[in-house]
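S.K.: Following this message is one structure expressed as structure tokens.
The values are calculated or read from the model by the stated rules, or taken from the named source; none is laboratory data. No experiment lies behind these values; they were computed from the predicted model shown. Every residue, glycine as well, gets a Cβ built from its backbone with ideal geometry; the counts of neighbours run over all protein chains shown. Accessible surface is based on the protein model in full, side chains and every heavy atom, while ligands, DNA and RNA are left aside. Shrake-Rupley method; radii C 1.70, N 1.55, O 1.52, S 1.80 Å.
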Amino acid sequence: MAKVLIIEDDPEIIDLLEIHLKDLSCDVIKAMDGGTGLDMAKQENPDLIILDIALPVMDGIEVCQKVRMHQNTPIIMLTAKSEEIDRVLGLEVGADDYITKPFSVREFIARVKAIFRRTKLIKESISNGTAKLAFEGLSIDIEKRKVEVGDNRIELSPKEFELLILMASHPGKSYSRSDLLKLIWGYDFEGYEHTVNSHINRLRAKIESDMTHPKYILTTWGVGYKFNEEL
């Protein structure tokens with residue numbers, strides 16, 4: 001049973017999230033301010049944190065920063081604000097995903113399921129001895145979330161890292177944009193393929209020496225993308 005920590009100061013939202021998380025067989029724990037939430041994150045070691053940005057005592061951005069100093073627990077940030085700066089700031093301090101209020105229950109459930117799928121992939125990689133992947137000039141330590149090209153450490157966003165380990169764990173397997181949307185973002189509907197393209201482009205810009213002739217992330221024409229199986 002996955003343990004989920006909700007850090008949110010709106011009781012109605014807490015109740016709504018708790019109902020649907022319990023439908024997913026999650027054990028739910030709750031905090032209504034950032035300070036208490038941070039203490040619970042350290043003590044309870046949850047499998048997922050649902051974190052509001054606007055919180056009393058300590059805001060969600062600071063909570064996220066402090067959690068990331070010691071834990072890789074997946075974090076979904078919630079906010080009533082829709083400004084781009086809030087979304088970018090949340091992701092830059094280490095959030096795995098971001099949902100703007102008001103949100104649909106369907107969207108929330110999809111995001112949670114996607115994170116649990118990715119967590120399962122990482123745990124399976126660690127347990128079967130593939131937590132460290134090495135290719136020509138590229139090394140990936142999944143447990144430490146560490147990526148190096150040559151002697152240079154590469155900083156990836158959570159989504160870029162997840163895209164990389166998904167494909168690098170299955171070299172040669174082609175993924176359509178819809179596949180990647182469902183596995184990484186949790187979206188199970190069309191219309192967001194541009195999100196995949198932009199993240200692939202950013203990932204390539206960080207790990208490829210020549211964007212026009214990529215070595216690691218290859219395009220499968222008419223399908224999507226795959227990791228080069230010949231490395």
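S.K.: How about region 57-76: which of its residues are of a type in the set (A, V, I, L, M, F, W, C) and either closer than 21 Å to D9 by Cβ or at pLDDT 90 or above (or both)?
M.R.: Those that are of a type in the set (A, V, I, L, M, F, W, C) and either closer than 21 Å to D9 by Cβ or at pLDDT 90 or above (or both): V57, M58, I61, V63, C64, V67, I75, I76.
S.K.: Scan region 42-51 for residues that are open to solvent by 30 Å² or more (accessible area, probe 1.4 Å) and either among the hydrophobic types (A, V, I, L, M, F, W, C) or free of Cβ contacts under 8 Å to residues at least 60 places away in the same chain (or both) and jot them down.
M.R.: K42, Q43, E44, N45
S.K.: Return the residues of region 110-122 that are touching a residue at least 60 places away in the same chain (Cβ under 8 Å) and open to solvent by less than 40 Å² (accessible area, probe 1.4 Å); say none if nothing qualifies.
M.R.: A110, R111, V112, A114, I115, R118, T119
S.K.: Residue under question is R106, and the condition is that it be without any contact (Cβ under 8 Å) to a residue 12 or more places away in the chain, of a type outside the set (D, E), farther than 18 Å from Q71 by Cα and open to solvent by 30 Å² or more (accessible area, probe 1.4 Å); does it hold?
M.R.: It is true that R106 is without any contact (Cβ under 8 Å) to a residue 12 or more places away in the chain, of a type outside the set (D, E), farther than 18 Å from Q71 by Cα and open to solvent by 30 Å² or more (accessible area, probe 1.4 Å).
S.K.: Of all residues in region 95-141, which are β-branched (V, I, T), within 25 Å of E62 (Cα to Cα) and touching a Ser or Thr at 6+ places or on another chain (Cβ under 7 Å)?
M.R.: Once the filter is applied, which keeps residues that are β-branched (V, I, T), within 25 Å of E62 (Cα to Cα) and touching a Ser or Thr at 6+ places or on another chain (Cβ under 7 Å), region 95-141 yields only T100.
S.K.: OK, next. Considering (1) in contact with a Gly (Cβ under 9 Å, 6 or more places away or on another chain); (2) open to solvent by less than 60 Å² (accessible area, probe 1.4 Å); (3) touching a residue at least 40 places away in the same chain (Cβ under 8 Å), say which one K101 fails and leave the rest.
M.R.: (1)
S.K.: Please work out if E229 is within 19 Å of the chain's Cα centre (by Cα) and charged (D, E, K, R).
M.R.: Against the criterion (within 19 Å of the chain's Cα centre (by Cα) and charged (D, E, K, R)), E229 does not qualify.
S.K.: Applying the selection to region 3-41, what residues are closer than 18 Å to R111 by Cβ and crowded, with 17+ Cβ neighbours inside 10 Å?
M.R.: Passing the criteria: V4, L5, I6, I7, E8, I13, I14, L17, E18, L21, C26, V28.
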